[in-house]
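Where a number appears in this text, it was derived from the coordinates with a stated rule and is not lab data. Only a predicted model underlies this, so the values are computations on that prediction, with no experimental measurement involved. Cβ sites come from the backbone with ideal geometry, for glycine too, and all protein chains shown count toward neighbours.
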């Protein structure tokens with residue numbers, strides 16, 4: 001079996017979807033399912049490069065095709081952003097085409113090649129698809145199966161008219177051999193990992209610090225999103241909070257996975273006060289390192305965070321409730337450590353790469 005995964009962005013671009021694609025491709029190759037990747041040739045800021053390139057990383061052949069414009073992987077559009085012939089010629093060498101959140105023009109042109117296809121949805125813009133009939137029509141008719149990463153997403157897909165029989169549930173996974181508990185946790189250290197976008201709620205976390213009784217250290221890791229104004233406001237909030245002198249906040253930008261592990265291992269708590277989510281890999285990474293989580297009940301998060309067992313769920317946009325949850329866990333070390341252990345158990349049992357790869361082969365066998 002030869003599988004081609006098609007993703008708008010890929011390593012070294014870093015994000016939840018990019019990490020998932022890379023991890024799944026590596027895991028499948030380890031169990032002798034040849035899996036390669038096709039992606040756009042773009043830089044870290046998703047700006048296009050006009051030349052194509054083929055390379056091999058982690059034993060995976062990566063086809064980087066020229067992009068004609070800036071990449072926005074969060075919208076379903078029918079706009080063409082590539083030269084179709086370069087795309088379809090590559091598909092012919094593979095048995096299964098596995099799309100990851102692509103512009104729908106890719107499945108559209110892939111119809112020229114009669115191969116089984118899967119669209120793996122890491123997040124959907126439900127309201128957009130509800131309004132745009134052409135995009136919804138293409139989504140419904142250009143693939144054999146859909147992979148949904150959360151139960152909420154499955155319900156949304158059904159509401160959009162997609163047949164339940166074609167929807168397969170496969171939650172995200174994490175490399176539990178890499179992300180594991182390590183050094184002793186540092187006291188009063190908070191960690192945020194994610195794109196610096198309004199939907200991730202970093203501003204809510206920064207606002208919550210004023211309500212904390214204890215001084216904390218907060219480490220922020222992640223790339224800026226397309227909203228430059230939001231990013232600049234976040235930098236100002238960090239500067240203002242540091243100027244007060246009570247808390248210490250560091251923004252480290254983007255880090256490699258091996259560096260991320262060390263930060264997860266050191267952190268007392270991982271905080272992700274998102275407004276919108278799919279099934280965040282960062283939560284799995286934190287729990288796999290036995291770091292308890294404070295998050296909001298959006299997307300697939302309630303499927304990972306069992307309230308007061310592996311973490312605490314707080315209402316979206318509520319900085320005071322977030323501060324209360326942070327203060328509670330900082331003051332109760334035994335509860336915090338127990339939550340971390342429970343989180344590690346949950347992830348190793350249900351969300352390891354080995355579990356995901358076996359499930360994915362079963363999905364491929366349905367085609």
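Rounded, prolate or oblate: which one fits segment 270-367, using the alpha carbon gyration tensor with axes a ≥ b ≥ c (rounded when a/c is under 1.5, else prolate when a/b beats b/c, else oblate)? In terms of gyration-tensor shape, oblate.
How big is the gap, in Å, between the Cα center of segment 113-188 and the Cα center of segment 279-351? Using only Cα atoms to place each centre, the spacing works out to 22 Å. Within the listed set 38, 153, 237, the Gaussian network model of the chain (springs between alpha-carbon atoms below 10 Å) gives the highest mean-square fluctuation for 237.
Here 227, 36, 365 are placed in order of increasing Cβ neighbour count within 10 Å, fewest first, which gives 365, 227, 36. Going by the alpha-carbon gyration tensor, a ≥ b ≥ c the square roots of its eigenvalues, is segment 151-206 rounded (a/c under 1.5) or, if a/c is not under 1.5, prolate (a/b greater than b/c) versus oblate? Judged from the Cα gyration tensor, segment 151-206 comes out oblate (a/c at least 1.5, b/c at or above a/b). For the chain, the share of DSSP beta bridges that are antiparallel, to the nearest 5, is 10%. FRET efficiency for the residue 215 to residue 338 pair, using the beta carbon distance and R₀ = 30 Å, is estimated at 0.75. Across the alpha-carbon set of segment 119-226, the Rg to Rh ratio works out to 1.11, Rh being the Kirkwood radius.
Relative to the longest principal axis of the Cα atoms of the chain, the long axis of helix 16-30 lies at roughly 60 degrees. Between the helical axis of 228-244 and the longest alpha-carbon principal axis of the chain there is an angle of about 20 degrees. GNM on the chain, alpha-carbon springs under 10 angstrom: the most fluctuating residue among 181, 148, 165 is 165.
Listing 316, 291 from the residue with the fewest other Cβ atoms within 10 Å to the one with the most, what is the order?
316, 291
For the pair residue 180 and residue 318 in one chain, pulling the backbone fully straight at 0.36 nm per residue adds 46.6 nm over the alpha carbon distance. Rounded, prolate or oblate: pick one for the chain, where a ≥ b ≥ c are the square roots of the eigenvalues of its C-alpha gyration tensor, a/c under 1.5 means rounded, and failing that, prolate if a/b is larger than b/c, else oblate. Judged from the Cα gyration tensor, the chain comes out prolate (a/c at least 1.5, a/b above b/c). Assuming R0 = 22 Å, can you tell me the calculated FRET efficiency for the pair residue 229 and residue 276, based on Cβ-Cβ distance, to the nearest 0.05? After rounding, the FRET efficiency stands at 0.75. Note on the chain: GNM, Cα springs under 10 Å; of 91, 235, 209, the largest mean-square fluctuation is that of 235.
Normalised by the number of residues in the chain, the average gap of Cα pairs under 8 Å and 6 or more apart makes the relative contact order 15 percent.
Could you tell me how many degrees, from 0 to 90 and to the nearest 10, lie between the Cα long axis of helix 257-266 and the main elongation axis, the longest principal axis, of the Cα atoms of the chain? For helix 257-266, the angle is close to 30 degrees.
Fewest neighbouring Cβ atoms within 10 Å first, the residues 21, 281 line up as 281, 21. The slack in the chain from residue 140 to residue 239, taken as 0.36 nm per residue of separation less the alpha-carbon distance, amounts to 30.9 nm.
Label-to-label distance, residue 350 versus residue 58, with points set 7 angstrom from Cα along the beta-carbon direction: 2.4 nm.
Given segment 189-350, what whole percent of its Cα pairs are spread farther than 28 Å? Counting every Cα pair in segment 189-350, those more than 28 Å apart make up 12 percent.
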